[in-house]
Amino acid sequence: MSESLTAQRDFVAATSGQVSWQQAMKSAVRSARELAEKLQLDQRFTKLPHSEEGEADFPVFVPLEFLQRIRPGDPQDPLLLQVWPAAEEADKAAGFTIDPVGELGLKQLHFANDRILSSAPTAIARNEGRLIQKYAGRCLLIAHQACGIHCRYCFRRHYPYQEATRFDPLMQQALAEIKADPSLEEVILSGGDPLVLTDSVLGDLVEQISSIKHVKRLRIHSRMPIVIPQRVTQALVEILSSSRLAVWFIVHCNHANELDQATQNALERLVNSGIPVLNQAVLLARINDSVEALESLCSQLINIRVQPYYLHQLDRVLGAAHFEVPFQSGLLLIDELRKRLPGYAIPTYVREEAGAASKTVIQAK
Ligand SMILES: *Cc1c(COP(=O)(O)O)cnc(C)c1O
Ligand code: SF4
């Protein structure tokens, strides 16, 4: 079969939801060139300059399920801008670093000491950074290093995630540490993306966590239902809805165009099974930094009973300066949103501050 016929077949399969989520991961687009070709953008990248350095640093990874929501031929598409390795990634903007949230620092300190406390008494990284506790009562477990999409603005782009790619003995150690700390009522499965794990591995993990008596809540942080909606399998819904733990699900969607029918159906499968689903978005220049974009995102989310939770100020990660929106603009957007939507549709505008005891709410002075 010719390359274009194969591509056509994959495309049709992706559109019709006929492929498994694992197959969707395998057929994901993995280069800027392929992305430009599939989207009928200038093949020599003259209209769409890109950064070879950025791409080498953090490869392109876009499943066809997500790609088919991008308008062909439009270099300004808000979904394309999230995954395109733009020329600006090579810019070295002042204040932008490889570890804006202070997690790599924790990890490196960990190599020097068996268990470390950073300057903030609440920040603890254990197991080579697999288990991170920054805030009281809840810890974050890096369940898997990989993601279902590579978002160019992400602070994780500089993390050495290839170091461990499988569910491994570090996980057993992390579980033992959770068991040994009765103050931990909530375990957050994050990554990477925890839903890159198969249902059977995830089911085991959830069972092991639920066997720890003092843990009451399990939180899943995942972009998979948005990117590859067929990841929300019946088995996954059963694992989560039958657990003795109170399960909260946090998805990550930045723009209403991400919510196609298959994605809405996937989110509804979770909500209908009784699992509360919240959304976090990142405020991104040219992508969702208009009141229309945010209004459309938040209203479409509440229409499917997904509650906007956080709107994150961009972490100042090296190579992502072109995504930054000034605080003042963010505050104005939230004010305007409040005039247009019900109170429960308004996300809390926050930023991550290394060493702080919680996310920091951004407010007018
Ligand atoms: C953001 C974050 C959490 C969760 O914070 P909430 O305000 O409870 O949503 C937990 N642990 C870490 C390390 C985090 O970065
Ligand atoms: S961690 Fe989340 S935001 Fe970052 S690349 Fe993965 S899916 Fe995207």
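Structure notes:
- At least 1 residues being crowded, with 19+ Cβ neighbours inside 10 Å and away from ligand 2 (no atom under 16 Å from the Cβ) is the threshold, and among the helices (runs of 4 or more DSSP H) wholly inside the stretch 180-267 those reaching it are 199-210, 234-241.
- Residues of the stretch 214-226 satisfying the condition of being away from ligand 1 (no atom under 16 Å from the Cβ) and either under 15 Å from Q145 (Cβ atoms) or touching a Lys or Arg at 6+ places or on another chain (Cβ under 9 Å) (or both): H214, M224, P225
- Among (1) in contact with a strand residue (DSSP E or B) (Cβ under 8 Å, 6 or more places away or on another chain); (2) modelled with pLDDT of 95 or more; (3) more than 16 Å from ligand 1 (Cβ to nearest atom), the one test that R244 misses: (1)
- Any chance D289 is among the charged types (D, E, K, R), in contact with a Pro (Cβ under 7 Å, 6 or more places away or on another chain) and not in a helix (DSSP H, G or I): no
- Residue pairs meeting the criteria (Cβ under 6 Å; at least 6 apart or on separate chains; first touching a residue at least 60 places away in the same chain (Cβ under 8 Å), in the stretch 334-360; second more than 16 Å from ligand 2 (Cβ to nearest atom) and outside any loop (DSSP other than H, G, I, E, B)): P347/P308; Y349/G330; Y349/I334; S358/Y135
- Among (1) within 16 Å of ligand 2 (Cβ to nearest atom); (2) modelled with pLDDT under 95; (3) outside any loop (DSSP other than H, G, I, E, B), the one test that T165 misses: (3)
- Looking only at the stretch 29-38, and only at residues there that are closer than 15 Å to I149 by Cβ and in contact with an Asp or Glu (Cβ under 8 Å, 6 or more places away or on another chain), the one that is surrounded by the fewest Cβ atoms within 10 Å (Cβ to Cβ): S31
- Of the listed requirements (1) assigned to a loop (DSSP other than H, G, I, E, B); (2) within 16 Å of ligand 2 (Cβ to nearest atom); (3) farther than 19 Å from P78 by Cβ, L314 misses just one: (3).
- Checking each residue in the stretch 292-309 for being within 24 Å of P75 (Cβ to Cβ) and not in a helix (DSSP H, G or I) picks out no residue at all.
- For the stretch 313-333, residues that are open to solvent by less than 30 Å² (accessible area, probe 1.4 Å) and touching a Leu at 6+ places or on another chain (Cβ under 7 Å) total 7.
- Unique residue being open to solvent by 50 Å² or more (accessible area, probe 1.4 Å) and within 15 Å of ligand 2 (Cβ to nearest atom) when the list is Y344, Y309: Y309
- Being at pLDDT 95 or above, within 16 Å of ligand 1 (Cβ to nearest atom) and closer than 21 Å to D99 by Cβ holds for only one residue in H322, H312, and it is H312.
- Of all residues in the stretch 46-88, those satisfying the criterion of being among the charged types (D, E, K, R) and open to solvent by less than 60 Å² (accessible area, probe 1.4 Å) are E55, E65, R69, D74, D77.
- The one condition in (1) within 16 Å of ligand 1 (Cβ to nearest atom); (2) out of contact with any strand residue (DSSP E or B) (no Cβ under 6 Å at 6 or more places or on another chain); (3) not small (G, A, S) that R152 fails to fulfil: (1)
- Extreme residue, nearest to ligand 2 (Cβ to nearest atom), among residues of the stretch 353-363 that are open to solvent by 40 Å² or more (accessible area, probe 1.4 Å) and in contact with a Phe, Trp or Tyr (Cβ under 9 Å, 6 or more places away or on another chain): K359
- When restricted to residues that are within 12 Å of ligand 1 (Cβ to nearest atom) and of a type in the set (D, E), the stretch 329-365 contains 2.
- Residue among G102, G95, G148 that alone is at pLDDT below 95 and crowded, with 17+ Cβ neighbours inside 10 Å: G102
The values are calculated or read from the model by the stated rules, or taken from the named source; none is laboratory data. Computed from a prediction, not measured in an experiment: that's the story for all the values here. Methodologically, a virtual Cβ is constructed for each residue, glycine included, from the backbone with ideal geometry; neighbour enumeration extends over all protein chains shown. SASA here: full protein model, heavy atoms, side chains in, ligands and nucleic acids out. Shrake-Rupley method; radii C 1.70, N 1.55, O 1.52, S 1.80 Å.
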